[in-house]
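This report refers to the structure that appears directly beneath it.
The values are calculated or read from the model by the stated rules, or taken from the named source; none is laboratory data. All of these numbers come straight from a predicted model, not from anything done at the bench. Glycine gets a Cβ as well: all are built from the backbone with ideal geometry, and neighbour counts include every protein chain shown.
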C-alpha cells in the first residue's frame, strides 16, 4: 500500500465525519420540497459551495488530468470556456432568471406550462437518460484513481467503490438535498485545500520551467504530429470545430444541466441565482487548470523517467505520479479530498436524476397525487434504483475515447434539445408542442448514433464535434420547422410560480 497509517487515519476520520453530518440533516426533512430543493432557502455562499462541490467530482479530476496529459495546456481551454459561459449567464440572467421565477422543481415541469404534459414527460425521459448515462462512468474512474493513488490491489476496485456508493446512498436517501448541501459545504472546503496544496507540491517537484520546455521540446521533436500543447485551436489539438461546439455546449450546460439548475431552483430568488453564477464562474478555471496541470506533470515525469510503465495510460498516469511524489500526510489529505469530491458529485447527481424521474416521468402518469410520505418513499426508491444501475453500468461499459468527450456527448442527448426548448419556450411566442417534439427527437440523434457506433462499429466512429454540434443544429431546426408548420399556440403569459 502507498498510504501510511497516518494517511488512512485522515481518510477514515473524514468519511465518518461526512457521513455523520449527512445523517444528522435527516431530522429537518418535512416533505418532498425539503428533500429535493431544500425548501428554496439556499443563499449565495451556500449555493456557490454546493454547486462547486457537485461539479468538482473525482471524475472531473480524472478527465481534466487526462486532457492535460494528452494535450498539455491546450486542454485547459475547456475550463476557460465554461467560466465564460457561467459569467455571461450570471451577468444577463439568460434563461436562469425566468426559470427560477417560474417556481418549478425541474426543467421539464416548466415545459408542461408551455407545451403540455406529454412534452414534459418526453423531456423528462431524455433528461434522465442523458444524465444517467453521463454519470455511469463515475464509479469506474473514481476507482481507478483510488487503486493507483493508494496502491490497493486492482481486484478491490469494485468492492471499495460499492462501499463508498452505499455510504453516499445512505445519507442521500435519508436527508435528500439538505444532506447534500451540508456535505457539499464540508467537501468544498476539503477539496479546495487538497487541490491547492497538491498543486503547490507538484510545481515544486516538476518546476514550471521544466513543464513548459519539456512540452515544447516534445512537440517540436514530433514534427508537429502530437497535439499542440499551447494552442487549442491548432489542427493537431482540439481545432476550431471542437471549440465552437464546446462554447455552445457549455452555454447549454450552465442553463439546462439539471444538477446545476437544481441549485438555481433551490435559491431564495432569481437575484440570488444570478449572483451565485457570477461568483462561481472563476472557480471553473481552477477546476480545470489545477488537475490538468497534474496530468501535464505526470506526462513530464514519466517522460523523464523512462516512459509510461506497463499497465498505465493517459487516464491512470496522474494518480500513479502523485503517489510517487507526495509526502506522508499530504497523500492522505489528497485521497480524503478526492473521496469527498466523489461523494459530493455522486450524491448531487443521484438526487437530481431521482427528482426528474419522480417529478416528470412517474408523477404525471399517476391517477392521483401521492401523500407526502408516499412522495418521499417513491423518491427514495428511485435513488436506490439509480445506485443499482451505477454499479452494473460502471462495471461493463468501455469508454469510446477520452472521458471528457464521452461525458460531453452523453450530456448532449438532452442538452441540445432541452436548451432549444428552454430558449423557445421562454423567448419565442410562436413555439409550440410540435416543434418541441421535433427538437427533442432530432437533438438526440447525433449523440445516440455516436454511442451506438462506438460499440458496434468502432472503426466508423464519427467525430465528437460532429455528433455534438449537429445535435444543436438539428434541435433548433426541428423547433423552428415544426412550430411554423403547425398551428400557432394560444397566447402564453410568462410562466408564473407554482409555489
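Could you count how many residues in the range 223-252 are surrounded by fewer than 22 Cβ atoms within 10 Å (Cβ to Cβ) and over 18 Å from residue 74 (Cβ atoms)?
1
Quick one: which residue in 51, 87, 99 is assigned to a helix (DSSP H, G or I), at pLDDT 85 or above, buried (at least 21 other Cβ atoms within 10 Å of the Cβ) and in contact with a helix residue (DSSP H, G or I) (Cβ under 7 Å, 6 or more places away or on another chain)?
Matching residue, one of 51, 87, 99: 99.
List the residue pairs whose Cβ atoms are under 6 Å apart, where the first residue sits in the range 154-166 and is free of Cβ contacts under 8 Å to residues at least 60 places away in the same chain, the second is surrounded by 11 or more Cβ atoms within 10 Å (Cβ to Cβ), and the two are 6 or more positions apart or on different chains.
Matching pairs, first to second residue: 154/147; 157/143; 157/147.
So which residues in the range 243-297 are more than 12 Å from residue 96 (Cβ to Cβ) and either over 19 Å from the mean Cα position of the chain (by Cα) or outside any helix (DSSP H, G or I) (or both)?
244, 268, 281, 282, 293, 294, 295, 296, 297
Looking at the range 377-403, which of its residues are surrounded by 20 or more Cβ atoms within 10 Å (Cβ to Cβ), closer than 29 Å to residue 442 by Cα and modelled with pLDDT of 75 or more?
382, 386, 390
Among the listed residues 248, 280, 285, identify the single one that is out of contact with any strand residue (DSSP E or B) (no Cβ under 6 Å at 6 or more places or on another chain) and either over 21 Å from residue 61 (Cα atoms) or modelled with pLDDT of 90 or more (or both).
None of the other options fit; the residue is 248.
Looking only at the range 197-210, count every residue that is more than 11 Å from residue 300 (Cβ to Cβ) and touching a helix residue (DSSP H, G or I) at 6+ places or on another chain (Cβ under 7 Å) and tell me the total.
Adding up the residues that qualify gives 4.
Kindly indicate whether any position in the range 404-414 is modelled with pLDDT under 85, in contact with a helix residue (DSSP H, G or I) (Cβ under 8 Å, 6 or more places away or on another chain) and more than 30 Å from residue 119 (Cβ to Cβ).
Of the range 404-414, the ones modelled with pLDDT under 85 are 404-414.
Those left that are additionally in contact with a helix residue (DSSP H, G or I) (Cβ under 8 Å, 6 or more places away or on another chain): 404-405, 407-414.
Retained after the next criterion (residues that are more than 30 Å from residue 119 (Cβ to Cβ)): 404.
Checking the range 404-414: at least one residue is modelled with pLDDT under 85, in contact with a helix residue (DSSP H, G or I) (Cβ under 8 Å, 6 or more places away or on another chain) and more than 30 Å from residue 119 (Cβ to Cβ).
Going by the conditions given, is residue 333 modelled with pLDDT under 80 and outside any helix (DSSP H, G or I)?
No.
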